[in-house]
4 protein chains.
Amino acid sequence: MAQYGARMVVPIDVKKKPWEQKLPLHNRWHPDIPAVAEATVGEVFRVEMVDFSGGGITKDYTVKDIKNADPSIVHYLSGPIRIVDKDGIPAKPGDLLAVEICNLGPLPGDEWGFTATFDRENGGGFLTDHFPSATKAIWYFEGIYAYSPHIPGVRFAGLTHPGIVGTAPSMELLNIWNERERQLEENGLHSLKLCEVLHQRPLANLPSTKGCVLGKIQEGTPEWEKIAREAARTIPGRENGGNCDIKNLSRGSKVYLPVFVEGANLSTGDMHFSQGDGEISFCGAIEMSGFLELKCEIIRGGMKEYLTPMGPTPLHVNPIFEIGPVEPRFSEWLVFEGISVDESGRQHYLDASIAYKRAVLNAIDYLSKFGYSKEQNV
Amino acid sequence: MAQYGARMVVPIDVKKKPWEQKLPLHNRWHPDIPAVAEATVGEVFRVEMVDFSGGGITKDYTVKDIKNADPSIVHYLSGPIRIVDKDGIPAKPGDLLAVEICNLGPLPGDEWGFTATFDRENGGGFLTDHFPSATKAIWYFEGIYAYSPHIPGVRFAGLTHPGIVGTAPSMELLNIWNERERQLEENGLHSLKLCEVLHQRPLANLPSTKGCVLGKIQEGTPEWEKIAREAARTIPGRENGGNCDIKNLSRGSKVYLPVFVEGANLSTGDMHFSQGDGEISFCGAIEMSGFLELKCEIIRGGMKEYLTPMGPTPLHVNPIFEIGPVEPRFSEWLVFEGISVDESGRQHYLDASIAYKRAVLNAIDYLSKFGYSKEQNV
Amino acid sequence: MAQYGARMVVPIDVKKKPWEQKLPLHNRWHPDIPAVAEATVGEVFRVEMVDFSGGGITKDYTVKDIKNADPSIVHYLSGPIRIVDKDGIPAKPGDLLAVEICNLGPLPGDEWGFTATFDRENGGGFLTDHFPSATKAIWYFEGIYAYSPHIPGVRFAGLTHPGIVGTAPSMELLNIWNERERQLEENGLHSLKLCEVLHQRPLANLPSTKGCVLGKIQEGTPEWEKIAREAARTIPGRENGGNCDIKNLSRGSKVYLPVFVEGANLSTGDMHFSQGDGEISFCGAIEMSGFLELKCEIIRGGMKEYLTPMGPTPLHVNPIFEIGPVEPRFSEWLVFEGISVDESGRQHYLDASIAYKRAVLNAIDYLSKFGYSKEQNV
Amino acid sequence: MAQYGARMVVPIDVKKKPWEQKLPLHNRWHPDIPAVAEATVGEVFRVEMVDFSGGGITKDYTVKDIKNADPSIVHYLSGPIRIVDKDGIPAKPGDLLAVEICNLGPLPGDEWGFTATFDRENGGGFLTDHFPSATKAIWYFEGIYAYSPHIPGVRFAGLTHPGIVGTAPSMELLNIWNERERQLEENGLHSLKLCEVLHQRPLANLPSTKGCVLGKIQEGTPEWEKIAREAARTIPGRENGGNCDIKNLSRGSKVYLPVFVEGANLSTGDMHFSQGDGEISFCGAIEMSGFLELKCEIIRGGMKEYLTPMGPTPLHVNPIFEIGPVEPRFSEWLVFEGISVDESGRQHYLDASIAYKRAVLNAIDYLSKFGYSKEQNV
C-alpha cells in the first residue's frame, strides 16, 4: 500500500526561542551548518517554521518590538534538510533539486501575522523618507482570509508562500559571495549614485557573529566562531534561491534549486500570508509562522543540463520557479503608473527604483481617499 | 486582543465507528436530533467529519466493501451544531444562516480517498448498464494533488468541498418531505417513463429504521424508534441545502441556509476531494474524511427577505451558494456533447439524463484512447 | 512572404434576406446542399452570418415579431464550405476536421442582439408555464460589453460563440436521423412521461418543406422538393456537431468534427453574444448576427482514430470541443440549487429537467429582489 | 432607439504616410496641436492608428529598416480628439477623463506586427551589451494567436493593448516637463552612476524639430517652428499618461486621465499585440497598427477629487488604470530570479535594473535549451 500523509520532519513550538527548538534553527548560509533532518525523494514531508523574526515581533498591539527589532538576526530558517534518493544516496553537487510545495499554511493555533515599517533609526525601508516611524498592524487569519483590527473594513484572500527557500552553498560559492559583497562595500562608490554616497547608506551586510544562530553548532565554540565569521546573510537572493519573495510561490509550485553540497541541505523560512508585487510594495508581506508540505525529486546532473552559468564560473546559476495552478480570483484590478521624477519635481535618469516608489506612493495616496491613514495603507 | 485560530467543535477519530465518536454522528434529517455542540457567530470553528460511508469503505485494495456497501447508512454527518449570536440568542426559524467555509482539507494522517462504482446487485449508479460490476480506486493526496496507484500516470489538482451542508428541518417541513416522497413512491408512475416502470427502480428512499444513526439518541429507545420512522434520508438535496454536491463550494465559499428550528442545527459531511460537473459524472467524486473551518452569521428574518417560497408554503425555499475566489487553473479544457439518442441508436424526447450519460460515456471513451481501461476512466 | 489576414469566404449583407445573400444561406442539413465556397487548410477565412431568425426578429421595440416568429425557418446557416488540403484534395469521409475559431464578433455596424421568450401559442420554451407571453429585450454591444435599455443598470462582459457549427451528414447518416426521429414521433409515448402525453407536446420536428431554404437549390424545383422532404432540422445537436450551444466556444477554441461527405461541407450560424449554462437558462442566449474567422486542418482518417462509435454503426460518433484560453473574469459567482419538486410541491423521480427549471426559477426570483421584473430576468 | 456600433473618428490608411492621413498624425505632446476630431461622452468611437514607426518598419524580411530607424520620429499618435459632454460642453482643466477600451484589434488586412532589437549604433536597448546587432522578427496574427516564421514552433495567445494613451499637457505642465528634463540633461551626473557617465549615454530627449510631425500644423511655418521647439517627446510616461506600456490594458480596461486643456485632447498610439512584464523584457512588445473602440466619460472636477498631487504643484498627478476582465489563461508559468550581480560576477548595490536584466538573460538562456537562438528569444 502506498504511503500517504506528510511526515513531520521539522516541528516547531512557537512558545520556544529559535535556538530552543527540538531541531534548532539557523539564520545564515554556510556549508558546515549540519543537516537537522533527512527526507527521501517522493515522500511528502512537513517543515514547520517560525516567522522571520523568530518570535521577536509579537502579537501585542505595540510598536516597541518593531522599533527595537534586531536586524542582525533575520531570517530564522528551518533545516538544513538532507535529501536522499530511494536508495539512500544523497543529492550531489551538480544535481538539480526539484522541491514541490504540496501544501502550506499557518501553524494550527498560531493563525496570525503582522505587517510593519521599520523605524528610520533602525534601518528603515523602501519608503522610510515618507514613513520614518515604526508602525505595526496585526492580521488574523480565517482560512484563506485575513483581517486586521488596525485597518478596519479590509478582509481579503491571501496567496501564502515561503519568502525563503534555498540550498546550502559550497565553500567555493560562499567565497564568491563574500568576495563580491566585500568588494561592493569597499569599492561600491562607483555603482552608487552620488547622492547615496552622501547619505552613507550601508552597501552590504557582510558576515558578522552578532545575532548569528547556526543550528546544531553551539554558540561560542571555535567551530561556531569560524562559521559565523564566514556565513552569508539571508537578506539578498543568490544563486541558491534564498530570499526570493515570489508572491505566487504557493500551493502546487515547484522550485528547481541547484545542489552545491552533498545532501543539498535545503532550508526554508520567512513565510508570508500574502504579498504585493515585490516585497517592498506596501512595506512588505504579512509575516507569519507556518508550515510547508514538500516533496522532492533529484535530477541527477540537472544543474548543468537545465541551468546555464550566468557569470565567470559554473556556480553562477539561477534557480527556476514554476508557479502553481491556484490563485485567488480578484474582481478589481488597478494599476498605478510611476515616473522617474521625485517628489520635489526633479527628474532622474531611468531610475526604476524612484519610478516604483512613486507608483507605490501613488497607490497609498489613492487608498487614503477611502478614509485610511497613509500608514494604514503602507 | 482579537480571537484567532479555529476552535475545535466536532472532533473525529477515524479509528472509531460513527456512533462511537466523542460527539456521535447522525445519518438522517430530523428536528429532534439534539445538537451535539454550539458555535457563536463570528468565531471560526472546526468541524471534522468521516467519509460518507463512515469508514465502511476502506483503503484496502479490494472491492468487497464496495460490493457489500449498505445503502441504508449513508451519509454520516457531523453535528447538529447549534448557532447562537454574540448575546447567546440562538438562530430562530425565519432567519438566514450564512456559513462561510474559511478553510477545509483532509484530516491529518488520513490523506486518502476513493472513487467507486456500485455493483448493479447493490443499487448501481448512473452508468450501471455500462459498468455493472463494483470497482474501486484508492487516491492518495499530496496537498492539492491526488494520484491513484490504480490509474497510473494521472495526478491532478483538486477542488475540495463538502457534499452535504444543511440545517435541520422543522417538523412541518419534514412532514412535507415525507408526504411528497410517499406520494412519489405510491403514485410515481405518472412521472416515470414506461421503461422505468418495467425495470422497477425504486422511486424514493422513505424513512426507515434500518441503518439509522441518530447522534445522542440511543438506538432502540422509544424516542429513537419514533424519530427513525420519521427522519428523512440524506440522499436528495432539499429546502435545507443537504446533498448539494457543488464542486466549487471550496475555500472562501458562503452558503445562505434557511433556519427552520431554533439554533439552526447545522450538519455537514460527505467531503469530496474533487468532483466532475455533477457528482454522477465519472462515477462521483473522490470520497474522503476531512475537516471544515466555518464561520457563521445570522441574518435575522433573512429567510423571507432573501429567499422566495417556490411552492405552496413559506417553507418551499432554496438556499443560495456563493462560490469562493480560489480554483485551480487548468491548462486544457475539452467539452463532450451528448445527444438524446441511446446506445442502440434510439432517440428519446429531450431527455437530459440520456444526453448527459452519452456525454459522459463519450468522455470515458475518449480517455480510453490514452491506454486506460473504461473502468479506470469512470 | 506568409499570408495573413482573414480571407472573406461568406459575406453577409444584413439588409438582405437569407435567400438574397450573395452566397445564399440554408436552414437544413442535407448532403446535397451544394457548397457555396471553398477554404484551404491553414488559411484563416472569414464567415459572416445572420442571426438565427435571418432578420425576422428586428431591433424594433415590439414583441410582435417574436409572437409571430415562424419556427419552421430556424436556423439560417452560412455555408456549406468545402474544405480542401494544400494540394486541393478535399476532406474525405472518415477524416476529422479541426476547426479553430481564431476570432469572432458582431458584424461592423450591426452590433446589437436580442433575448426573447416565445409565446406559449407559438411553441413556448423551457419556462413557458411560468412566462407564457412573448417578451423581447434588445441588447447593444460596446466591445466586450452588452447593455439593454429594457433592463436598466445591467452591463456585462460576454463570451461570444457560434451556437451551431457542423459538417454535412452523409445520406446514410441522414437516414439514421430521420428514422430515429420518426420512431420517436410514432412510438415516443414509451419515453414520454404520462403527463407529457396528456399535454400533447410535439416530439420531433421531422423534415418539412415549409420554410425550407436550401442555398443554391432553387425553391420549387424537383431537386428542392426532394431535398426539402429529406433534410434534417437544425434544432437538435447530432453526430455532426450542429446546435451545440457551448457557451465557452469562443476565441481560440477548436472543434473536431467528423467528416461524412467529400469536402466536409462545413456550415455555421446562430451566433450568441453570451449565454448562461445551457441555452435554456434565462431563456436563451443573446442572439445576434456576426462573423467567425476560422482556420481548418484535416486529420486524415482521424474519425476512426479519435472518435469511437457510440451506437450501432461507425457513424454514431460525437465531436470534441476544445475550449479556448480566453474568458471573462467575473467577480461574484452564485449557485442556485434545484430539486426535483415542482411548484405545486409534488416530487418527481430524479427529474433533471424539473430540478434545472427550479434552479432557474430560483435565480430569476433572486434577481427580482433587486427591482427587476421576472420577465427582465428570464 | 439607442445608438450602437462604433463611430469612425480617426480612420487610417496604412498605405499612406503619417502626415498624408486624412486626419494627420502627430508625434509630440503640446497644447497647441489642434484637435483633429471630436467625440461625445457615452458614444463608442473608433480610433485607428499606425504602428509606432508610422510604417517606417516594414514587413519585409530584412533588418535594414531597423538598422536605420530614425529615433526622432517615434511615436506617431492618432488624435488629438476633443471630448465634449452631451450638451456639447468640452472637458475642462481639472476634470477627469475616463476612457474605456470597449474593443481593439489589428486593422483589417494589416494583421501583422514585428519585434526587434535596435542596433547599438542606433541607440540600442535594454540588452544592447548582449545583443548589439539589429534583429527583426515578423509576426502574423490569426485572431488571438500570433506566429512568426522567424521563430518556428511558437504560437501564442496575445493580450493586445495600446502602448500610449494620454491627454494634451497644458503649457504650464509642458514647461515643468521641459524644465526638469533640461535639468536632468545639464546636471544629471549626480543621479547617474559613475560608469554611466563614462559611457556617455544620453540623459533625456529634449524637444527637437528633427522628425517632428504636428498634425494639422504645417511643417516649416513659424507656428510649427515654435511648437516643435517646445513640444515634449513621447518616450517617457508622464503626468498625462503617455507611454504607459501596461500589458493588461486590453478589452474592458478603463483609464482615468487628468484633463489639462479644454477638450482634453486625447491621443493614442503604439499598439502592441502582446508584451512581457515591462516592455523592455524580451526586447519589447510585438508592434503593430490597429484600432481602438473607446467610450469616454467626463468626471467634472475629478482630478482634484481622485488624483492627489505627488509633487510641488497640483499638476503633479498620475493617472489610474483599471484593468479589464479578459486575459488569456496560460497553462505554464515560470519565474526567473535576477540578482544584482553582473555577468563579470561583480555585485551592485540593490540595482533593480541589473537584477531585472539578469532575470531576462536567465529566461533567454533557459529558452535556448529548446533549440532557439538567443536572438530568437530576445
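Laboratory data are not the source of any read-out in this text; all were calculated from the coordinates shown. These numbers were taken from a predicted model, which means no experiment stands behind them. As a convention, Cβ positions derive from the backbone with ideal geometry for all residues, glycine included, and neighbour counts pool all protein chains shown.
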### Summary
Exposure-ranked with fewest Cβ neighbours within 10 Å first, D:M49, D:M288 stand as D:M288, D:M49
### Message
Using a 10 Å cut-off around each Cβ of peptide C:309-320, what is the average number of partner chain Cβ atoms that fall inside?
### Response
5
### Query
At A:W224, with labels set 7 Å past Cα in the Cβ direction, how many nm apart are the copies from this one, shortest first?
6.4, 8.0, 10.1
### Task
Using only atoms on other chains, find how many Cβ atoms lie within 10 Å of each Cβ of peptide D:108-116 and report the average.
2
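Determine the shape class of region A:75-157: with a ≥ b ≥ c the square roots of the Cα gyration tensor eigenvalues, call it rounded for a/c under 1.5, and otherwise prolate if a/b is greater than b/c, oblate otherwise.
Oblate, because a/c is 1.5 or more while a/b does not exceed b/c.
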### Query
Can you flag which of A:K16/B:K59; B:K15/B:K136; D:K15/D:K136; C:K59/C:K210 are past 27 Å Cα-Cα?
A:K16/B:K59
#### Entry: Prolate/oblate/rounded label for region A:23-166 (Cα gyration tensor, a/c 1.5)
prolate
### Task
Could you pull the copy-to-copy label distances for B:P312, with points set 7 Å along Cα to Cβ, in nm to one decimal and sorted shortest first?
4.6, 8.3, 9.1
#### Entry: FRET E, pair B:N122, C:H130, Förster distance 60 Å, beta-carbon r, rounded to 0.05
0.90
### Message
Averaged over its residues, how many other protein chain Cβ atoms are within 10 Å of peptide D:136-142's Cβ atoms?
### Response
4
### Query
For region A:217-258, rounded, prolate or oblate, judged on the Cα gyration tensor with a ≥ b ≥ c (square roots of eigenvalues), a/c < 1.5 rounded, else prolate if a/b > b/c?
prolate
## Note on the structure
Of the candidates A:A91, A:I73, A:M8, the farthest towards the positive dipole end of region A:3-99 (Lys/Arg Cβ +1, Asp/Glu Cβ -1, centred on the Cα centre) is A:I73
### Query
Fewest first, what order do C:H26, A:H75 take by the number of other Cβ atoms within 10 Å?
A:H75, C:H26
### Query
From the label point of C:D70, set 7 Å from Cα along Cα→Cβ, how far away are the matching label points in the other copies, in nm, ordered shortest to longest?
6.2, 6.7, 9.0
### Task
For each of B:I235, D:I83, count neighbouring Cβ atoms within 10 Å of the residue's Cβ, then give the residues from fewest to most.
B:I235, D:I83
### Query
Looking at the axis that maps chain D onto chain C, which chain D residue has the closest Cβ, and how far off is it in Å, rounded to a whole number?
D:V326, 3
